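Participant: Please read through the structure below; I'll follow up with questions.
None of the figures in this text is laboratory data; all of them are computed from the coordinates on show. All of these numbers come straight from a predicted model, not from anything done at the bench. Methodologically, a virtual Cβ is constructed for each residue, glycine included, from the backbone with ideal geometry; neighbour enumeration extends over all protein chains shown.
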Amino acid sequence: MRQYLELLAHVRQHGTRKAQRARLADGRRPEVLSIFGWQFRHQLRDGFPMVTTKRLPWSAIVHELIWFLSGSTNTAYLRANKCSIWDEWADTSGELGPVYGKQWRRWQKADGGSVDQIANLIAGIRKVIADPNASESRRLLLSAWNPGDMPDPKVPTGCHTFAQFNVTDGKLSCQMYQRSADLFLGVPFNIASYALLTHLLAKVTGLQVGDYIHTFGDAHIYDNHFEQVDEQLRREPRPLPTLELDPAIDSMDGIRVEQARLVGYQPHPPLRGEVAI
């Protein structure tokens, strides 16, 4: 995906070197190259935006999104499916606190109730399909940033902070705002995850897919990833794969990993890097 590589190259060449709070396993605080503010757009009909200059674990991406959609805040499901990407932030029982699943499916209200944002989003999309002038047309929102529910700054809740969806000419588009973006490790996952979410929402509401727009706040590369990024930028991107969804999918609940199939994904070999927490 060339738009991602252009951002990666820009930050590598022009980013400002900065200290930051996260640590590596050996206790060292890596510095970052960082910029503030960037946006790219990808037309989803041109292929699924899966990075090809290194191999990404498709099953882990799908399992993580299923986990978000389930509303869970415990890593048990992920660990049962050999997905360890959240382990560094979990406590000994696998609990993470009020991360994405809670915010998406059980946003806490002041009166003690909760809001299922995914259910509301689907209902809103269907209202706009029925009436393009419905007030929901500019209110198709999904937020992971709940200021009253963010007690622990070490837990990366709301890195991908906010998404807005749009229905135009029978197509569903998504713009996601990411406040903090680990460009080497996290962002390829985030792109694929929100593109898959857009495809799934379009599927259950009978729409085609439109554009995926990714807007960044602080976009950065950790100094322990510089060599991997340089190698990635030397690699020529390969054709994008396509996504095949099981025709039986009619709900955002109960989706199984085998129901989302990536076809024609032929990436370069994987590149490893330690996460800073």
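Participant: Would you tally the residues in region 247-266 being among the acidic types (Asp, Glu) and within 21 Å of the chain's Cα centre (by Cα)? Walk me through how you get there before you give the answer.
Facilitator: Within region 247-266, the subset among the acidic types (Asp, Glu) is 250, 253, 258.
Of the ones still in play, those that are also within 21 Å of the chain's Cα centre (by Cα) are 253, 258.
Total meeting the criteria: 2.
Participant: Which of the residues that make up region 103-115 are part of a helix (DSSP H, G or I) and more than 20 Å from residue 189 (Cα to Cα)?
Facilitator: Our first condition is that a residue be part of a helix (DSSP H, G or I); within region 103-115, this holds for 103-105.
Answer for region 103-115, where residues must be part of a helix (DSSP H, G or I) and more than 20 Å from residue 189 (Cα to Cα): just 105.
Table: residues versus (1) in a loop (DSSP other than H, G, I, E, B); (2) crowded, with 20+ Cβ neighbours inside 10 Å; (3) small (Gly, Ala, Ser).
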| site | (1), (2), (3) |
| --- | --- |
| 62 | no, yes, no |
| 66 | no, yes, no |
| 85 | yes, no, no |
| 88 | no, no, no |
| 92 | yes, no, no |
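Participant: Another question, then. Within region 126-148, count every residue that is touching a strand residue (DSSP E or B) at 6+ places or on another chain (Cβ under 6 Å) and part of a helix (DSSP H, G or I).
Facilitator: 1
Participant: Run residue 158 past the list (1) within 24 Å of residue 274 (Cβ to Cβ); (2) part of a helix (DSSP H, G or I) and report the number of the one that doesn't hold.
Facilitator: For residue 158, the exception is condition (2).
Participant: Follow-up. Could you list, ordered by first residue, the pairs with Cβ atoms under 7 Å in which the first is in region 71-88 and touching a residue at least 24 places away in the same chain (Cβ under 8 Å) and the second is in a strand (DSSP E or B) and not hydroxyl-bearing (Ser, Thr, Tyr), at least 6 apart or interchain?
Facilitator: Within 7 Å, the pairs are 73/95.
Participant: Oh, and also: Surrounded by fewer than 13 Cβ atoms within 10 Å (Cβ to Cβ), outside any loop (DSSP other than H, G, I, E, B) and out of contact with any helix residue (DSSP H, G or I) (no Cβ under 8 Å at 6 or more places or on another chain): does that describe residue 37? Explain how you work it out, then say what you get.
Facilitator: Values: surrounded by fewer than 13 Cβ atoms within 10 Å (Cβ to Cβ): yes; outside any loop (DSSP other than H, G, I, E, B): yes; out of contact with any helix residue (DSSP H, G or I) (no Cβ under 8 Å at 6 or more places or on another chain): yes.
Spelling it out, residue 37 is indeed surrounded by fewer than 13 Cβ atoms within 10 Å (Cβ to Cβ), outside any loop (DSSP other than H, G, I, E, B) and out of contact with any helix residue (DSSP H, G or I) (no Cβ under 8 Å at 6 or more places or on another chain).
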